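**Q** First, the structure itself, so that you have it in front of you.
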Amino acid sequence: MTEDAPRIEALLQAMTLEDKLGQLTMIRADFDAAGSTLLAPKLAEITAGHAGSVLDLRGATALIAAQKAAVENSRLKIPLLFTLDVLHGYRTIFPVPLGEAAAFDPDLWERTARAASVEAAADGIALTYAPMLDVARDPRWGRIVESAGEDAFVTARFAEAKVEGFQTDDLSRSDALAATAKHFAGYAAVNAGREYASADFSQRTFEEVYLPPFAASVNAGVAAIMPAFIEMAGVPLTAHRALLTGVLRERLGFDGVLISDFFAVAELIKHGVAADAAEAAALALNAGVDIDMASGTYTDGLPEVLARGLVRIETIDAAVRRVLALKLALGLFDKPYARGEHALAPGTIDAHRALAREAARKSIVLLQNNGVLPLSAQTGRLAVIGPLADAPGEMLGPWRAAGEASEAVSFLEGVKAAFPHAVVFHASGADIAAALEAARSADAVILCIGETANMSGEANSRARPVVPDAQRALAEAVFGAGKPVVAVLTSGRPLIAPWLFEKADAVIAAWFLGSEAGNALGDILGGAVSLSGKLPLSWPLDAGQIPIFYGERPTGRPADPENHDTSKYIDVPNEPLFPFGHGLTYTRFDYGEPRASAETLKPGECLTVEVDITNIGGMAAEEIVYLFIRDPLASVTRPFLELKAFTKIKTLPGERATVRFALTTADFSFPDADAVRRIEPGEIEILTGPSADAALLTRCRVRVVTVD
Ligand code: BGC
């Protein structure tokens, strides 16, 4: 961006304070019956130079008209930055992030982000509020659906793939979007999973869990970062100078744009750390927030605090420079209409639909199966039952951008297409007797229950993340028919439903699978395509276990059924119903012992770990393989397991594959008691296997020797 510096300085020279604050101000589109629009007063703000970016305006015509107002009618002709939440697709909707995380497939994660960019940019959008990188361990919190699950390593890989996919290596491409890593940091730690509540986590948790995905996004060149709405240990993130400037800018070298969350600058008043708009604006700007999203607080408040000496013009100028640099990098000055000018190339949507089907298929997790799946191609009569059976709009989940219910494939439609010779009965379940009748008439039941899209996502915390009561009543009635039942759970989070797992013959976690949900389900039900998805988070047995995650640390009193005074519940087990990484395929695998390329290694050295995996079942299948480490003795406690690598293999029946993982000693480093990252000498256990279930892991050891 350095070659842009003279251009930026020249502009800055020409700008009044009002112009500068305009660049730091994002306005939100207006809404009418037809959707989003910009009414005359907001267009006037744009021509007056009082707004530098716009949230939520959609449709190429509207965006180009607004861009014209800025580029042709404003004094400085600075182009607008159009922004939108493009999380898991634009028009073609891919699985929600938690679902897509279950594919454990960075290449797929990148390709879906690329496709989403192509569609959104063709409609004029230049920046997306994604990827969401909050490591999330509390299924009560509705936004867990936007996350890549409970693991920092997985979320960091997700971060890199998404940033690459959205941005490419050239932001000025007319089909590239600037990515925004959000919500920095620890938003998922809100107390008791209650949305927007406060959080309080240790420096260690910050360093080991919440920071690494953001650090990975910065390394990948992310253009923007959004601070979280919440406060952490008394300091709202929007005003957190130590984290925004100290960690992001000074320590990680992030030189992109910090964009506040929606109204978050003004909300500093309600947090009780700012008396008025002027103080709120000063706090946020001085902390490092460049753009004020929607609250107008910078425009209203900064002139006063500038006059009072609470902010410096240099700080404002630095923020403006960063905003202009982003607009230049996006090519907006040279080609302000490049995004939105051309329709999508013919065939693009078809290709994206095929990708959506692939992504949905790979995101499905088979949680349990007594052999009922795959269904025989000969199955003559199928009943597809439940409120989510024929609910194409619900398949899109939260944050659906330009996704249309009318373009989504329901489970019912997908099952009909996959079993063209079967008689397919449908019952929504509103009439339980009719549903029972359908079940009785069928050879097998596909029971489609779970959450609707509006039960998950922002501001949808649930103290009881369960299958709604009415659906449970329906399910219990259907079980009464005595037919094999395949439960397809649609949800943005693990649902607590022990009764379902007791009675269903198979249970599928379908998340919100997107536009091709039904076709993807059809693909896997008959076994035509292998299943491979695995859980990116622990699936609790009981809500009382939450937060629950595999990376727990040892206690001085480990659980011991023989000893009362040990770390356990007296009413439920400690273990989740399904661990991180759980997910069945239609075959079985045998894992050999891992082999390390060296017994000892010094800091800076590399290690290769190989493990043989044999497909001992009867079907070709893909298998996701994990490599964890465990440091049994260190200067601070270390988690029981830490994920350091994962991969996916493809095997034929009877085939043996050798997986090779490359590690370095940096993978064994951790923050010491003073939060300084170090590699300590000693033994490291290396564990490989199909999930975080310790009983299924095979292991070997290496020794790290440090030379002083
Ligand atoms: C959410 C953000 C989102 C923003 C803009 C907020 O309510 O927290 O994740 O990017 O709205 O839509």
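Laboratory data are not the source of any read-out in this text; all were calculated from the coordinates shown. The structure presented is a predicted model; accordingly, all values stated were derived computationally and were not measured. Here Cβ is always computed from backbone atoms with ideal geometry, including for glycine, and neighbour counts include all displayed protein chains.
**Q** Less than 24 Å apart at the alpha-carbon level, and either on another chain or at least 8 residues along: which lysines does that give for Lys20?
**A** The reachable lysines, counting only those whose Cα sits under 24 Å from Lys20, are Lys42, Lys68, Lys77, Lys327, Lys335.
**Q** Let me know the whole percent of all Cα-Cα pairs from segment 160-296 that are separated by more than 19 Å. Intermediate values should be presented prior to the final figure.
**A** Working: 4569 of 9316 pairs.
Tail of the P(r) past 19 Å holds 49 percent of the pairs.
**Q** Also: What does the helix-only formula give at 222 nm for the chain: each DSSP H stretch with n ≥ 4 adding -39500 (n - 2.57), the total divided by the residues, and the result rounded to the nearest 500 deg cm²/dmol? Display every interim value, and only then the final one.
**A** Working: 19 runs with 193 residues, N = 708.
Counting only the DSSP helices, I get -8000 deg cm²/dmol.
**Q** Projected area of the chain, taken from the Cα convex hull and averaged over every viewing direction, in nm²?
**A** Numbers: hull surface 129.9 nm².
Value for the chain: 32.5 nm².
**Q** Taking K and R as +1 and D and E as -1, what net charge do the other residues with C-beta under 13 Å from the C-beta of Ala620 add up to? Intermediate results must be reported in sequence, preceding the final value.
**A** Values: positive: Arg588, Lys650; negative: Glu622, Glu623, Glu655.
Overall, the nearby charge balance is -1.
**Q** Something else: With a cap of 11 neighbouring Cβ atoms within 10 Å, and only residues DSSP puts in a loop, list the trypsin sites (Lys or Arg not before Pro) found in segment 274-323.
**A** Those that pass, being in a loop and sparsely packed, are Arg308.
**Q** Expressed in nm to one decimal, what extension gain is obtained for the pair Ala459 and Asp542 from 0.36 nm per residue of sequence separation less their Cα-Cα distance?
**A** On the way: separation 83, 0.36 × 83 = 29.88 nm, distance 2.20 nm.
Gain in length upon complete extension: 27.7 nm.
**Q** Could I ask something else about it? Could you name the lysines in cross-link range of Lys534, using Cα to Cα under 23 Å and dropping any fewer than eight places away on the same chain?
**A** Lys162, Lys362, Lys503, Lys644, Lys648, Lys650
**Q** Now, a different point. Over the C-alpha atoms of segment 1-99, what are the Rg and the largest Cα-to-Cα span, Dmax, in Å?
**A** 15.8, 48
**Q** In addition: Using r as the Cβ-Cβ distance of Ala662 and Ser172, and R0 as 35 Å, what FRET efficiency do you calculate, to the nearest 0.05?
**A** Rounded to the nearest 0.05, the efficiency is 0.55.
**Q** Quick check: net charge around Lys42, other residues with Cβ under 10 Å of its Cβ, Lys/Arg +1 and Asp/Glu -1?
**A** On the way: positive: Arg28; negative: Asp30, Glu45.
Here the count lands on -1.
**Q** Taking 0.36 nm per intervening residue step and subtracting the Cα-Cα distance, what contour gain separates Cys606 from Asp565 on full extension? Present the calculation step by step, with values, prior to reporting the outcome.
**A** Values: separation 41, 0.36 × 41 = 14.76 nm, distance 4.27 nm.
Additional length available on full extension: 10.5 nm.
**Q** Here is a follow-up. Compute the relative contact order of the chain as a whole-number percentage, counting only Cα pairs closer than 8 Å that sit 6 or more residues apart in sequence.
**A** Values: 1788 pairs, mean separation 92.2, N = 708.
It rounds to 13 percent for the chain.
**Q** Further question on the same structure: Would you work out if segment 359-545 is rounded, prolate or oblate? Take a ≥ b ≥ c from the square roots of the eigenvalues of the alpha-carbon gyration tensor; rounded if a/c is under 1.5, else prolate when a/b is larger than b/c, oblate otherwise.
**A** Taking the square roots of the gyration eigenvalues as a ≥ b ≥ c, segment 359-545 is rounded.
**Q** Using 7 Å Cα-to-Cβ label points, what is the Ser198/Asp30 separation (nm, one decimal)?
**A** 4.0 nm
**Q** What is the calculated FRET efficiency for Leu344 to Thr61, with r their C-beta to C-beta distance and R₀ = 22 Å, to the nearest 0.05?
**A** Values: r = 15 Å, r/R0 = 0.69.
With a Förster radius of 22 Å, E is 0.90.
**Q** Would you mind ranking Leu84, Leu243 so that the residue whose beta carbon has the fewest other beta carbons within 10 Å leads the list?
**A** Numbers: Leu84 27, Leu243 24.
Ordered from fewest to most neighbouring Cβ atoms within 10 Å, Leu84, Leu243 come out as Leu243, Leu84.
**Q** Using the number of other C-beta atoms within 10 angstrom as an exposure proxy, rank Val485, Val289 with the fewest first. Walk me through the numbers on the way to the answer.
**A** Values: Val485 23, Val289 31.
The fewest-first ordering by Cβ neighbours comes to Val485, Val289.
**Q** Quick check on the exposure proxy: order Cys700, Cys448, Cys606 from fewest to most C-beta atoms within 10 angstrom. Display every interim value, and only then the final one.
**A** Numbers: Cys700 16, Cys448 31, Cys606 13.
Ascending Cβ contact count within 10 Å gives the list Cys606, Cys700, Cys448.
**Q** Between 0 and 90 degrees, rounded to the nearest ten: what's the tilt of helix 106-122 against the longest Cα principal axis of the chain?
**A** 40 degrees
**Q** A follow-up question, please. So if we plug the beta-carbon distance of Glu683 and Ala377 into 1/(1 + (r/R0)^6) with R0 = 51 Å, what FRET efficiency do we get, rounded to 0.05?
**A** Plugging the Cβ-Cβ distance into 1/(1 + (r/R0)^6) gives 0.50.
**Q** Give the angle, between 0 and 90 degrees and rounded to the nearest 10, that separates the Cα long axis of helix 297-307 from the longest principal axis of the Cα atoms of the chain.
**A** Roughly 40 degrees between the two axes.
**Q** Short version: what are the Cα gyration tensor semi-axes of segment 11-163, square root of 5 times each eigenvalue, largest first, in whole Å? It would help to have the intermediate numbers written out before the result.
**A** Numbers: eigenvalues 232, 55, 40 Å².
Equivalent-ellipsoid dimensions as semi-axes: 34, 17, 14 Å.
**Q** Can I ask one more? Taking θ = phi - 60°, what integer Hz values does the Karplus form 6.51 cos²θ - 1.76 cosθ + 1.60 yield along segment 164-180, in sequence order, with x for Gly and Pro?
**A** These are the phi-based 3J(HN,Hα) values: 4, x, 5, 8, 6, 9, 9, 4, 6, 4, 6, 10, 9, 10, 6, 9, 10 Hz.
**Q** Evaluate the distance, in nm, between pseudo-label points positioned 7 Å from the Cα of Val707 and of Asp107 along their respective Cα→Cβ axes.
**A** Spacing of the two 7 Å Cα→Cβ label points: 3.9 nm.
**Q** In addition: Order of 336-345, 93-102, 58-67, 138-147 by packing, highest average Cβ count within 10 Å first? Before the final figure, lay out each step's value.
**A** Values: 336-345: 17.2, 93-102: 30.5, 58-67: 19.0, 138-147: 27.0.
Ranking the peptides 336-345, 93-102, 58-67, 138-147 by packing returns 93-102, 138-147, 58-67, 336-345.
**Q** For Phe589, what residues show an amide H to amide H distance below 5 Å, using hydrogens built from the backbone and excluding near sequence neighbours?
**A** It is Ile616, by chain and number.
**Q** Give me the orientation-averaged projected area of the Cα convex hull of segment 480-525, in nm², one decimal. Walk me through the numbers before you get to the answer.
**A** Values: hull surface 14.8 nm².
In nm², the orientation-averaged hull projection of segment 480-525 is 3.7.
**Q** Something else about it: Amide H of Gly124: which non-local residues (sequence gap of 5 or more, or other chain) have their own amide H closer than 5 Å, using H built in the peptide plane?
**A** HN-HN under 5 Å from Gly124: Gly340.
**Q** Ratio of segment 581-708's C-alpha Rg to 2.2 N^0.38 Å, to two decimals? If you can, show how the numbers build up before the last one.
**A** On the way: Rg = 15.9 Å, N = 128, 2.2 N^0.38 = 13.9 Å.
Relative to the 2.2 N^0.38 Å estimate, segment 581-708 comes out at 1.14.
**Q** Stretch Lys335-Ala634 to full length: gain in nm at 0.36 nm per residue minus the Cα-Cα span? All intermediate terms of the calculation are to be shown ahead of the outcome.
**A** Values: separation 299, 0.36 × 299 = 107.64 nm, distance 5.55 nm.
Computed gain between Lys335 and Ala634 is 102.1 nm.
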